[in-house]
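K.L.:
This is the structure I have questions about; it appears just below.
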Amino acid sequence: MIDFTILPIYLLAVLALLLIPGPDMLLIASSSLAYGKKVGLSASLGNCTSGLILTLLASMGVSTIIAVNPLALEALKLLGGAYLLKMGWDCFRVESVDTSKGPDENRQARALYKKAVFSNLLNPKALLFFTLFLPQFVSSQITASSGEQMLVLGLILNALGLTFNLILVAFVGSLGTKLLGNPSFLRYQHKAMGAIFVIMALWLLFSQMPSQA
């Protein structure tokens with residue numbers, strides 16, 4: 001359902017994109033470091049879930065309709081920034097807990113999954129990325145429609161992204177395991193995650209939107 005002659009170029013482009021630090025990588029790495037591998041895994045799955053949703057929207061043309069509306073993009077940007085700021089505030093308000101307890105770890109994992117999903121869906125840059133990036137690799141030389149090709153290309157992108165993020169979780173989570181045994185770190189772990197969410201909010205609110213030209 002895709003033109004395999006352009007697949008090597010597409011894979012190379014995806015690899016280059018995955019190596020560029022961004023808010024998704026920041027969230028996954030910081031959650032793995034602050035709470036351990038299980039929570040980092042949940043953040044990775046949340047990121048993948050939002051990526052699959054954005055892929056479906058792009059393949060159906062819904063994201064294009066939103067992307068050509070500057071007011072919709074600005075509203076999405078403000079909503080996403082406000083959501084990230086709220087997550088940061090919630091983290092600052094949480095008291096230190098013993099993360100070695102299983103139930104709390106499970107609760108953190110569920111929370112980070114939801115936060116990863118919504119922080120990405122409310123990021124207009126993520127929507128624009130799928131709208132602008134995937135069509136560049138749609139071929140007119142095969143019978144599959146552009147929507148079908150974008151769906152397959154998006155699935156490949158998400159599969160590679162999840163693989164990359166799992167490797168990141170395994171590496172960073174190993175460092176986090178040592179930190180979770182440090183009482184001093186436990187006192188500030190939620191504050192550290194709160195700072196990450198605030199940084200992500202400022203990153204979104206004060207960064208320029210990519211041009212659609």
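The values are calculated or read from the model by the stated rules, or taken from the named source; none is laboratory data. Just so it is clear, the structure is predicted and the values come from calculations on it, not from any experiment. As a convention, Cβ positions derive from the backbone with ideal geometry for all residues, glycine included, and neighbour counts pool all protein chains shown.
K.L.:
Taking the range 128-164, which residues are within 28 Å of A43 (Cα to Cα) and among the polar types (S, T, N, Q)?
P.N.:
Result: T131, Q149, N158, T163.
K.L.:
Would you check if K77 is in a helix (DSSP H, G or I), in contact with an Asp or Glu (Cβ under 7 Å, 6 or more places away or on another chain) and either surrounded by 15 or more Cβ atoms within 10 Å (Cβ to Cβ) or modelled with pLDDT of 95 or more (or both)?
P.N.:
Spelling it out, it is not the case that K77 is in a helix (DSSP H, G or I), in contact with an Asp or Glu (Cβ under 7 Å, 6 or more places away or on another chain) and either surrounded by 15 or more Cβ atoms within 10 Å (Cβ to Cβ) or modelled with pLDDT of 95 or more (or both).
K.L.:
So, one more: Here are S59, S42: which of them is touching a Gly at 6+ places or on another chain (Cβ under 8 Å), assigned to a helix (DSSP H, G or I) and crowded, with 22+ Cβ neighbours inside 10 Å? Explain how you work it out, then say what you get.
P.N.:
Working: S42 fails: touching a Gly at 6+ places or on another chain (Cβ under 8 Å).
After applying the criteria, what remains is S59.
K.L.:
Output the residue which, of all residues in the range 108-123 that are part of a helix (DSSP H, G or I) and either hydrophobic (A, V, I, L, M, F, W, C) or free of Cβ contacts under 8 Å to residues at least 40 places away in the same chain (or both), is nearest to A67 (Cα to Cα). It would help to see each step written out before you state the result.
P.N.:
So in the range 108-123, the residues part of a helix (DSSP H, G or I) come out as 108-121.
Applying the additional criterion that residues be either hydrophobic (A, V, I, L, M, F, W, C) or free of Cβ contacts under 8 Å to residues at least 40 places away in the same chain (or both) yields 109, 111-112, 116-118, 121.
On the way: A109: 32, A111: 29, L112: 27, A116: 21, V117: 19, F118: 18, L121: 13 Å.
So, considering only residues that are part of a helix (DSSP H, G or I) and either hydrophobic (A, V, I, L, M, F, W, C) or free of Cβ contacts under 8 Å to residues at least 40 places away in the same chain (or both), the one nearest to A67 (Cα to Cα) is L121.
K.L.:
If you don't mind, another one. Give me the pairs, please: first residue somewhere in the range 1-28 and surrounded by 18 or more Cβ atoms within 10 Å (Cβ to Cβ), second residue anywhere and modelled with pLDDT under 90 and among the basic types (K, R), beta-carbon distance under 9 Å, and either six or more positions apart or on two chains.
P.N.:
P23/K125
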